[in-house]
Amino acid sequence: MNQKILTKKTNRLKTFYLNSSIQGKNGLNKSNIYHGNLILVNKDNPLNTKVIHKYNHFVPGVLNHKDIYLEIETYFKLNQLIKYINSGDSIIPISGYRSMQEQKQIFTDSIKENGMDFTQKYVALPGHSEHQTGLAIDLAEQNDVIDFICPNFPYDGICGEFRFHAGRFGFIERYPAGKEELTGIGHEPWHFRYVSYPHSEIIQNFGFTLEEYVHFLKNFSFKDDHLKYKTDKYEYEIFYVKESDLMSFSTILAEEKRPYQISGNNVDGIIITLLNQVVRKSGVKTYERYH
Ligand SMILES: [Zn+2]
């Protein structure tokens, strides 16, 4: 069944499948909590030490910069977005995936150069940086002088256009102004995080941070009402499964015929995104399940 859907040539569907094979042979288990596009990594939620992130898990050559690496889906979606807005060389990548060692180095160097207050505001503690997931990218507007800790990425011009379309390609501006208390990081107009579509668009529409979104999704448990998000082509159904329900939910998921994505929240459970296809019959929209 999966193969049949994959042959339909839509990028969104292809992407939708990338992470759906994460489920282990024995069904879902605790390790699923720490993988996926929606993992929340912040001051309170470090990367899980059992999840090993190394350079060879990631793809080099982000926007033709051979030293910059990203997780594969993030890499392709960033490319698509940059192509879509036709920004050429005017947007450049500054920092993608970082190893623990590099994050430590950046943190201690920044303390020496900028002091503790500044560092705590703009540089995540080692083990708590989204850059260690490969799902985050710092971008700069091309210029003769570039600040590598706080690159210039304004809200107008081509950078504004990037931001405007980011949600369609699965990205969010991760550290907005006014939400510093929640994120624990100062306003960073240059830092984007891949969370995948449609989560990016929902986060954008609600004006959420990832912290708020992960919390919000707990209102939609698999046993209760699911969050429905409709676009022209698809209806997405999103819900949360808490850790203690993973085993029982595994049996339900094994029977699921629709395409789905699994992501941990890196806190206490997983988020499932199901895809329902919208079928148009005589101009009337109906929603049908894949079978
Ligand atoms: Zn960053």
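None of the figures in this text is laboratory data; all of them are computed from the coordinates on show. Not measured: the values here are computed from a predicted model. All Cβ positions, even for glycine, are placed from backbone atoms using ideal geometry, and neighbour counts span all protein chains on display.
Is region 190-202 home to any residue that is in a loop (DSSP other than H, G, I, E, B), of a type in the set (S, T, N, Q), surrounded by 18 or more Cβ atoms within 10 Å (Cβ to Cβ) and within 15 Å of the ligand (Cβ to nearest atom)? Steps first, please.
Let us first name the residues in region 190-202 that are in a loop (DSSP other than H, G, I, E, B), namely 195-198.
Remaining after also requiring of a type in the set (S, T, N, Q): 196.
If we keep only those that are surrounded by 18 or more Cβ atoms within 10 Å (Cβ to Cβ) as well, we get 196.
Next cut, within 15 Å of the ligand (Cβ to nearest atom) only: none.
The answer is no; no qualifying residue exists.
For region 150-159: of the residues being in a loop (DSSP other than H, G, I, E, B) and more than 12 Å from the ligand (Cβ to nearest atom), which is surrounded by the fewest Cβ atoms within 10 Å (Cβ to Cβ)?
Restricting attention to region 150-159, the residues satisfying the condition of being in a loop (DSSP other than H, G, I, E, B) are 150-156.
Pick out the ones that are also more than 12 Å from the ligand (Cβ to nearest atom) and you get 152, 154-156.
Details: N152: 15, P154: 12, Y155: 10, D156: 8.
Here the residue is D156.
Within the set of pairs 6 or more residues apart or between chains, which connect a residue that is without any contact (Cβ under 8 Å) to a residue 12 or more places away in the chain inside region 144-167 to a residue that is surrounded by 13 or more Cβ atoms within 10 Å (Cβ to Cβ) with Cβ atoms less than 7 Å apart?
That search, which allows pairs on different chains as well, returns R163/E173.
Identify all residues within region 64-91 that are surrounded by fewer than 19 Cβ atoms within 10 Å (Cβ to Cβ) and within 16 Å of the ligand (Cβ to nearest atom); write none if there are none.
Residues satisfying the conditions are H65, D67.
What number of residues in region 160-173 are within 15 Å of the ligand (Cβ to nearest atom) and under 17 Å from L217 (Cβ atoms)?
Looking only at that region, the number is 1.
With respect to Y260, determine if the residue is under 21 Å from I172 (Cα atoms) and under 17 Å from the mean Cα position of the chain (by Cα).
In short, no.
Could you check how many residues of region 98-149 are away from the ligand (no atom under 14 Å from the Cβ), of a type in the set (S, T, Y) and in a helix (DSSP H, G or I)?
The total comes to 1.
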